[in-house]
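Here is the structure we will look at, set down as C-alpha cells.
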C-alpha cells in the first residue's frame, strides 16, 4: 500500500500535473488567444471572478461556468461538477449518487448511448463520485465538432437522461461487480470499515459505492427523483480548459446549458454535525489475504479550516518517503513493508489516516505500537524549519506544474468546487507557504490524540480527552479580497499529425566512444518552459539474461537510492527544488531514464542523470527494504485471482520443455520467491559492473531547450561507460500451445477473472496489421466495442471486459488476449457471452458503420497520444530504436483509413481462432 501522502485533492493535483502523456504536430506557433476579459457577455450572463487566468461566469438559470483557455494545447477538457455525493443520500439511498453516475452514460433520447459516442470520438473520459460531488469529464482534440458535441451532450444529459428501468436492470450487476471488485482489496475493506466506525452520524461514514442492499433494491422512481433534484443548472459548475475559442464557447454555453430552466425546487439544507469522539475505537476485519494492515484515523476539520494548511504539512513530514518519521520508524527499521497516508479533507470535517502494511509473519503488535507512538507523540519532537521548507517546496512545485496543464486544472477544481469555491485551490496553495514549525507543532498536539483515533484494534485509555472541531469560515469570508497570482505564459502549437511533427524533428548521431548515439530533438516553446528528455541504453545478451535470477531487477530502483556524495534525500530535495522529475527503469537488458524539467534547470538535471547512472552506492539497507517489499508483494499474490490467473496463463505459453533459467520460462510463485530470496547485494553490484554499459544508445528531447545542451550532455553522461559483455538482442520464440481451459479456485473472493489468449505470427509492418487493428477496435477495445457492450451494457455481467492484440515491431510474434471480471455466480453466462461474440464476429463480420467508427476512433486516439510532450519524447526514442520515423506512423494511419469491413473480418478470421484459445478462470467457484 502506498496511499497518497498529500490530501486526496492535492495528491490528485500532483498526480495529474506529473502524469501528462502525449505530444503535438507542427505548424506556425499559435498566437495567444484574445484576452478573456474582452469577451462580450451574452444576455443573462454575469462575470463573477477571476484568478490566474481562470474566469467564472454565472448564467441566468444559476449555472456557473469556468473558462481556462490555452490554445497552445491541441485538446480540451470539459468537466461538469454536480454538487451531489454520498453525503446527500438519505436513509436507504446509499450508493444512489454513484449509481446515477453509471446511469447517465446510458444516454438520452437525443444523444443516444453516451459511452458509444465518447468511444467513437476517441475521448479520454470518466465519471467519479465522492462524498461531496459527482463529476464527468471528457478530453478530446478540438477538431471537427468535438467541442460542440461534448457541450450539447453534457447539457442534454443534465436534464434529459433516460434513467429507465430496463437500463437499471442491466447496469445493476455492473455496479454490483464494481462493489465486488473493491471487496477483493484488503485495504479497501479496512478503509470502509474504519470510516464507518469513525463516524456516528455524519454521512461521511458511508462510502460512495454504498450499501449493497440499498443499491440492489433502489426503486427506479426514487432514482429518477434523486436525479431530477440534483442534476440541475443551479447545482452544477461547468469547467472548460484547453483549446477553445472563449467567445464562441461562452455563446454556445448559453445556447445549450442556458436554455435549461432554473428548477422551482429548493435543495434541502444539510445540518448534521458529528459530535466529538469520546474515546479510542477499534475494529477487526477478518478475511482471506496475504498481508497484514493497520489503519489509524483521526478526525480533522474541513478543507476551509485555518488549520488545514498546517495539517497538510504535518502529513507530509510524517508520511513522506524517505524523510518521513513513519517511514524511518517502520520501513527502515524493517518492522513493515510500506506505510501510507490519506487525508480525506472535504467540505465538512474529515479524517486524517495513516496505514502500515506487513507481511503475514511480521510482528503486528510491535508495528502497531510504533505506528501509534510515532503519531501521537509527534508533537513532543520539535518540527524543524528544514522539515517545513521541504514540504513547501514540494507542494509549490506541484502547483506550478499543475498550472502548465489546463486539462488537469479543470478536473482538479471539482474537489474545491465541492468544498465551497474553486478559488480555494489557490488560497490553500498560498496558505501552505505561510505555515511555520509552530503551526505544525500545534495541530499535531490538537488532533493526533488517542481519544480522537479509530484503529483496527482496541486500545484502552486512562481518561477521556475529547477533540472539538471548530467551525470553518465560509468560502466568501475566506476569499474576500483574494486576487491570486499572474497566469503562466502559454507555449506554441504544433499540430499532432505525423508529417507536421516530423518536419520539426532533427535526427542525428553523436559519438560516444566507439558507439554512435541515435538522437532525435524537437525544440519548441512550451507552457512553463517545460522539456521532456529520454535516454535509453541497451546491453547484455541471451547468456547474461539466462544467468540472471533476479539481481538485475534491483539495479534501477537502487540507482535513485544514493550516489557518491549524494544521499537519497539530497537527490529528492534537489529534484523538488528544481521542479524536476527523474524516473529510472531497467532490467537485465537495458535502462531507460526520463527527465521532466524546465529550460533553466535542464543542465543540472542532466548532470544528476550522469551521477545517478554512473556513481551508485547501492546502500545495503535500501536493498534489504526493496527485497522485503518484493517478497511480500509476491506473497500477497497467492490470494489474488488476477495474479493467480495471469501466472497460470504465462506458464501455459512457455516453450515446450522449458526449465528454470531458459529463455521464455515462467517460474512458479514458489520458484520466484526462492530466486528472490537468494538475491544478494553483491550479486546486484556484480551484474551492474559486468553488464551495464552503453552498448546501444537512443536519446530524445521535446520542449523548450537549446539543442546544444543535449549534444554536449550525451557524451558527458556516457563516455567511458561500457559493458563488459558483447551485446546481442534477446529473442524468445513464438509459442503456440494447444487449447486449454483451466479453472483455479481462490478462496473467499467476491470477484473472479476470465483470461483467454492465443499467439500467432505477425509483425506490425506487415499487410494484415492495420486490418487486424481495426477489427480488434470493433471487437474488444474501447467502450463502444462489441465485448464491452455485450458484457457490460447489454447483459450487465462485468464491470470491465475487453479484448486486444499485442504485435511485435521486430519479430513475427503477436498475441490476442481477452478478459472479463465478474461475480463467480455468473460464470456460465460470461463464458457464453465471450464465446458468442467471437463466433459472431468471425461468422457475420463487421458492418461498414462499425468499421468507419473504429477507424475514426483509432486516428483520434493517435492524435491525442501525439498531443503531450512526454509521450512524444518516448515515441521518438522508440522510433530511434526501431530505425523508424513518423513516416511509418503516417503510412500506418493511411492503411487504417483504407481498411474495409471485408479486410477486417478476414484478418480476424485468419488470426483469432477460438479453437486455439488457452482460457483461465480464477476465483471462488462453487
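What FRET efficiency comes out for residue 656 versus residue 197 if R0 is 56 angstrom and r is the Cβ-Cβ distance? Round to the nearest 0.05. Walk me through the numbers before you get to the answer.
Values: r = 55 Å, r/R0 = 0.98.
Efficiency computed from Cβ-Cβ geometry: 0.55.
Starting from the Cα-Cα distance between residue 287 and residue 859, subtract it from 0.36 nm times their residue separation and give me the gain in nm to one decimal.
Stretched fully, the residue 287-residue 859 segment lengthens by 201.3 nm.
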Check your understanding: How large is Rg/Rh for the range 668-751, to two decimals, with Cα atoms and a Kirkwood Rh?
Key -> 1.18
Check your understanding: Which whole number in µm²/s is D for the chain by Stokes-Einstein, with the Kirkwood Rh taken over Cα pairs at 25 °C and 0.890 mPa s?
Key -> 83 µm²/s
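Report the full-extension gain for the segment residue 570 to residue 887: residue separation times 0.36 nm, less the Cα-Cα distance, to one decimal in nm.
Working: separation 317, 0.36 × 317 = 114.12 nm, distance 4.33 nm.
Taking residue 570 through residue 887 to full extension adds about 109.8 nm, to one decimal.
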Revision key, fill the gap. The chain: relative contact order from alpha carbon pairs under 8 Å, six or more residues apart, as a whole percent, is 17 percent
Review point. For the pair residue 489 and residue 507, how long in nm is the line joining their label points, each one 7 Å along Cα→Cβ?
Key: 3.3 nm
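What FRET efficiency comes out for residue 916 versus residue 744 if R0 is 22 angstrom and r is the Cβ-Cβ distance? Round to the nearest 0.05.
Working: r = 21 Å, r/R0 = 0.94.
That pair, residue 916 with residue 744, gives E of 0.60.
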Exercise for review: Provide the FRET efficiency to the nearest 0.05 for the residue 47-residue 442 pair, computing r from the beta carbons and using R0 = 41 Å.
Suggested key: 0.55
Practice item. Can you check what the Kirkwood hydrodynamic radius comes to for the range 740-923, Cα pairs only, in Å to one decimal? Key: 17.5 Å
Exercise for review: For residue 663, put the label point 7 Å out on the Cα→Cβ axis and report which residues of the range 536-568 keep their amide N under 20 Å from it.
Suggested key: 537-553
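Which whole-number percentage describes the relative contact order of the range 740-923, with Cα contacts under 8 Å and a sequence gap of 6 or more? Numbers along the way, then the final one.
Values: 278 pairs, mean separation 70.5, N = 184.
Reported as a whole number, the value is 38 percent.
Cα convex hull of the range 44-259: how many Å³ per residue? Can you show the working numbers first?
Working: hull volume 31.1 nm³, N = 216.
In the range 44-259, the Cα hull volume divided by residue count equals 144 Å³.
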Practice item. Return the whole-Å distance between the Cα centroid of the range 598-674 and the Cα centroid of the range 308-334. Key: 26 Å
Point to revise | DSSP bridge orientation in the chain - percent antiparallel, rounded to nearest 5 | key: 85 percent
Exercise for review: Rounded to the nearest 500, what is the 222 nm mean residue ellipticity of the chain from helices alone, with -39500 (n - 2.57) per DSSP H run of 4+ residues and division by all residues?
Suggested key: -12500 deg cm²/dmol
Check your understanding: Over the range 658-777, what is the mean sequence separation of C-alpha contacts under 8 Å (at least six apart), divided by residue count, expressed as relative contact order in percent?
Key -> 22 percent
Point to revise | Fully extended contour minus Cα-Cα distance, from residue 166 to residue 126, at 0.36 nm per residue | key: 12.1 nm
Check your understanding: At q = 0.23, 0.31 Å⁻¹, what is the log10 ratio I(q)/I(0) for the range 521-571, with the Debye formula run over Cα points and no solvent?
Key -> -0.95, -1.14
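A short reminder: the numbers here are calculations on the coordinates, not readings from a lab. These numbers come from a predicted model, not from an experiment. Glycine gets a Cβ as well: all are built from the backbone with ideal geometry, and neighbour counts include every protein chain shown.
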